[in-house]
1. Tell me, what ³J(HN,Hα) does each residue in the stretch 68-81 have, in order and in whole Hz, if you take phi through Karplus 6.51 cos²θ - 1.76 cosθ + 1.60 with θ = phi - 60° and put x for Gly and Pro?
2. Relative to the longest principal axis of the C-alpha atoms of the chain, give the angle of the C-alpha long axis of helix 48-60, reported between 0 and 90° and rounded to the nearest 10°.
3. With charges set only on the Cβ (+1 for Lys and Arg, -1 for Asp and Glu), what does the dipole of the chain come to about its Cα centre, in debye to the nearest 20?
Amino acid sequence: MAGLSGGDSLEELDPLIHQATRLRLMTLLHKNREAAFTWLQERLELTPGNLDGHVQKLVAAGYVGYGKRLTEAGFQARVWITPAGDAAFTTYVERLRLVLADSLAQRNEDGK
């Protein structure tokens, strides 16, 4: 990916995903594909309102879905990653790897 060197590299990271709590949330959803709202709340140590705020931002971007699903125990609030969210997260990780590799290469160059 050309253009990821220099000062512009961090600007290429999706700011919606780059925020620490949403990055953790997207990581859990990327790994698990879908999760109960309460499980996410416990894992991320967030209040229901705080988690809902982050989820709603990701819903608005089309990165996750949110709704009630019927489970064996009854209806449960669930959050799942969408194909667009999966693609955005994959792109984010690839770009972050490039940013980090560029940073390490620059540091090694400067250290010579």
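Each reported figure results from applying straightforward, stated rules to the coordinates on display, with no laboratory input. Quick caveat, the model's predicted, so the values are computed rather than measured. Using ideal geometry, Cβ is built from the backbone for each residue, glycine included, and neighbour counts are taken over all protein chains shown.
1. Values per residue, Gly and Pro as x: 9, 10, 7, 10, 4, 8, x, 6, 9, 6, 10, 10, 9, 7 Hz.
2. 70 degrees
3. Details: 13 positive and 14 negative charges, 80 e Å.
Approximately 380 debye in magnitude.
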